[in-house]
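A short worksheet on the structure shown next.
The values are calculated or read from the model by the stated rules, or taken from the named source; none is laboratory data. Note that the structure is predicted; figures quoted are calculated from it, not measured. Here Cβ is always computed from backbone atoms with ideal geometry, including for glycine, and neighbour counts include all displayed protein chains.
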Amino acid sequence: MAEHEQTASPSTGDTPPASLWLLFIVTGLMSIGYGLVFTLLADIRDRFGFGDSAVGLIAFAGFASGFAAQMFLSRYADRGHTALMVRVGMAVAALSMLGMVFATDLWQWVGGRLLFGVGTGMVAPAVRRVVIARDPARVGANLGRQTAFDVGGFVLGPLIAAVLAQFLGLRAPFLFLTVVYVGVFLLIGRVDLRSGPQDSSHRSVRDLIRRPAMQSALASAIAFYLTIGMFEAIWAILLRDLDAPTWLIGVTVSAFTLPMILFAPRGGALAQSRGPLGVLTISITVAAVCTFIYGIGPLWVLIVVSGVHASADAFTMPGNQVAVAMSSPPEQLAAGQGLLGATGLAVAGLAALGGSALYGLGRFTVFTTTALLMVVFLLIARQRWSAFERTLSPAAEG
C-alpha cells in the first residue's frame, strides 16, 4: 500500500471525493442490469416460447463474456486507457439493453447478454482502479462502499424489473436502463478518471499470478466464491425441501444482502488497517462453519445462521478486494481487480454446477464438501501469504 500512497493525493476527512461517489453509483447501476435480467428470465421464456436450456444459455452468456472481459481487457485500463474503458463499457452496456428492447429470437437475447457482460467486464476493474488510486488513505473503506453499492444494485434490479414489467410491459425495464446508461455515459465524460502510474511495460497477467501475495488473495477469493455459487444454485431448493413458503425464501435472499450493504465499508476499512489476511481468516472461517450447519440444521436454524453468514461475507468481499489491491503493483491495479472478478465468476459458476450435482446425494454431502473446500483454500491462502512475508524479511533487514 505504501507504493499506492505515492500515486495519488488522499482526500481530507472521512468522506470520499465527489467523483468517487459517482463511480459508486455507476457500479450500482451496472449491478442493476444483472439483477433485472435474472428476474425477467421466466417471463422471457414464456413470452417467446424458449426452453429451459435456452434460458440457461441467456443467463450463462453474460457470465461468460464478463469473465473474458475482466480477464483479458482489464489490463488496458492499466495502460493509460482507464477513461476509455469506462466510457466504452458504458456505451456497450447501453447498446446491450437497447438490443434487448427489440430482441425476439434466442440469438438476439444471447447477443444482448454477451454485450452486457463485456460492458460490465470493462467498467468494473477500471472503476476499481480509480477508486484504489484516487484515495489511497481510505482504499479499504471506499472498496467497501463500492461493494455496498454493487450488492444494493443487484437487490434493486429485481424490484425495478418487477414494477416496470408489471405496469408497462416486458420491454420497459430494458428501455429504462438504456436511458439511464446513456445518461451516465454522457455524465461520466466530465469526470476525471486519472488513476496513477501506467503499465508502460505491458506486463502479462501471469506476472501477477506468480506473486505469492496474489496467490494468497486469489485462494481466499476462491474460498469465498465457492459458497456464493453453491448458495445461488441450491438455497431456494433447500428451503423448499424443508417446507419453507415462497415468501420466506424471498425474504431470506433479500435479507442476506442487508449486512453486506451495511457492514462492507467497515469490513474494507478493517482489512486495510489490520491486514486483509487476518480479517479474511476470521470471516471465511465463520462462513465455512455456517455452510456446514446448512447441511444439518432445521429450517429456523438455517435462517438464523444465514444472517451470521451474510455478516461474515460483508467483511470477506471487500477484504478480498483490498488483498488484491495490496498484492498488485500500482501500475497493474486494474489487471489485479479484473483477475479477481474473473476468478469469482469462474468459481461461482463451477460451484453452482457442482453443488447442483452433489445435492442429489443429500444436503449434508454438498454443504460439508463446500465447507471443507473453503477451509482448504483458506489454508492455502495463509501459506502463500506467509511465503510473501518471508520475501519481505531480507528487504526489511537490509
State yes or no: is SER19 assigned to a helix (DSSP H, G or I), farther than 28 Å from ALA348 by Cα and at pLDDT below 85?
yes
Among LEU143, LEU208, LEU115, LEU170, the single one that is of a type in the set (A, V, I, L, M, F, W, C), touching a Lys or Arg at 6+ places or on another chain (Cβ under 8 Å) and buried (at least 21 other Cβ atoms within 10 Å of the Cβ) is LEU143
Output yes when any residue across the stretch 200-214 is at pLDDT below 85, in a helix (DSSP H, G or I) and of a type in the set (A, V, I, L, M, F, W, C), and no when none is.
yes
Those residues of the stretch 70-89 which are among the aliphatic types (A, V, I, L, M) and either within 20 Å of VAL184 (Cβ to Cβ) or assigned to a loop (DSSP other than H, G, I, E, B) (or both), in sequence order
LEU73, ALA77, ALA83, LEU84, MET85, VAL86, VAL88
Out of GLY112, GLY99, GLY89, I need the residue that is within 11 Å of MET30 (Cβ to Cβ) and assigned by TED's automatic domain parsing to the domain that holds ARG47. Which one?
GLY89
Taking the options LEU378, LEU345, name whichever one is under 26 Å from ILE261 (Cβ atoms) and modelled with pLDDT of 90 or more.
LEU378
Give me a count of the residues in the stretch 104-125 that are within 15 Å of LEU345 (Cβ to Cβ) and not β-branched (Val, Ile, Thr).
9
Looking at ILE303, ILE296, which is the one that is assigned by TED's automatic domain parsing to the domain that holds THR257 and without any contact (Cβ under 8 Å) to a residue 60 or more places away in the chain?
ILE303
Kindly indicate whether GLY229 is surrounded by fewer than 16 Cβ atoms within 10 Å (Cβ to Cβ) and either modelled with pLDDT under 90 or among the aromatic types (Phe, Trp, Tyr) (or both).
no
Which numbered condition GLY319 fails, given (1) modelled with pLDDT of 90 or more; (2) surrounded by fewer than 22 Cβ atoms within 10 Å (Cβ to Cβ):
(2)
Tell me, which residue of the stretch 154-199 that is of a type in the set (Lys, Arg) and either under 26 Å from the mean Cα position of the chain (by Cα) or at pLDDT below 90 (or both) is nearest to LEU84 (Cα to Cα)?
ARG194
For ASP46: the one exception among (1) acidic (Asp, Glu); (2) closer than 21 Å to VAL163 by Cα; (3) in contact (Cβ under 8 Å) with a residue 12 or more places away in the chain
(3)
